[in-house]
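Each remark here refers to the structure printed beneath this line.
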Amino acid sequence: MLQRCTPQAFGLTKKEYFKELFIGLLLCGLYGFLFYNSPAGCLLLSPYLYFYVKEAAEEMSAKKKRGTEKKFTDGLTSVSCALDAGYSMDRAFAEAAHELKNLYGARDFVTREFVNVDVQVRRAIRLEIAIAEMAEHLDIQEAMDFALVFQYARRTGGNLIAIVRSYAKHLSERQEVEDEIQTVLSGRLFEQKVLRAMPVALVAFLRLSSPEFLAPLYGNVMGVLVMSVCLVVLFLASAFGRRIGRIEV
């Protein structure tokens, strides 16, 4: 169980892991105080920490993946533009690496992978091998599909320029649709966060303004059961809302 709770198990850096763990502890303390009015309530909610960090890790992973996909699309679009300008295929990837440096900086992960393609080509390594290695490092389906198609076309003598142009156009159109969806969803996701916070804010308001109103729910078995049911419903509604907001193109 302990091995499943390490930063590596969640795919997070230590900084990200302890940040989310700290936020989870604060939420456990808040829920324990508001819904149970007891330190024992915080211990009762301790399993929530695992699910909170797991959910946060999934959201961060999805965000990083979308960023990688967008940057790869920009890189391949730059390759297509360079080919239209008359550059060779090898030189087009070098120009794309230079363009990504200007857009995202030399230290960016995707930029370094495009730079690495150029470096390997200069070392007389075949372009398709360098692209396949880049796709493996990026670990996104778009890059892997492109590497397979490029390798097959190179082996069979296909029209590489037309393939790159077509695939870059396909990715750009897909990215535009995804950006439009995310723009529409952003407002709904914000509303969803507000709605998730409302029950907690209401309980906090009653605790501060009319503590005697909630007093019968504390310090007895029936009150613990009622508050536990409310928390379970709140957590299930939050999880269901997050899953609805996950739309993949």
Q.
Tell me the relative contact order for region 70-172 as a rounded percent, counting alpha carbon contacts under 8 Å between residues six or more apart.
A. 28
Q: Express the Stokes-Einstein translational diffusion coefficient of region 70-172 in µm² s⁻¹, to the nearest whole number, given a Kirkwood radius over alpha-carbon pairs, 4 °C and a viscosity of 1.567 mPa s.
A: 98
Q.
Based on alpha-carbon centroids, what's the gap between region 155-169 and region 60-86 in Å, whole number please?
A. 16
Q: Classify region 189-249 as rounded, prolate or oblate from the Cα gyration tensor: take a ≥ b ≥ c as the square roots of its eigenvalues, call it rounded if a/c is under 1.5, otherwise prolate when a/b beats b/c and oblate if not.
A: oblate
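If I take every Cα pair under 8 Å that is 6 or more residues apart in the chain, average their sequence separation and divide by the length, what percent do I get for the relative contact order?
Values: 185 pairs, mean separation 40.4, N = 249.
The normalised contact order for the chain reaches 16 percent.
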Q: Lys and Arg at +1, Asp and Glu at -1: add these up for the other residues within a Cβ distance under 15 Å of V115 and post the number.
A: -1
**Q.** Inter-centroid distance (Cα atoms) of region 90-129 relative to region 197-243, Å
**A.** 54
Q: Using only the C-alpha atoms of the chain, find the volume of their convex hull and express it per residue in Å³.
A: 157
Q: For region 1-109, state the average projected area of the convex hull of the C-alpha atoms over all orientations, rounded to one decimal in nm².
A: 9.2
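No lab work stands behind these numbers, since they all come straight from the coordinates. The model shown is predicted, which means the values in this text are computed figures rather than measured ones. Using ideal geometry, Cβ is built from the backbone for each residue, glycine included, and neighbour counts are taken over all protein chains shown.
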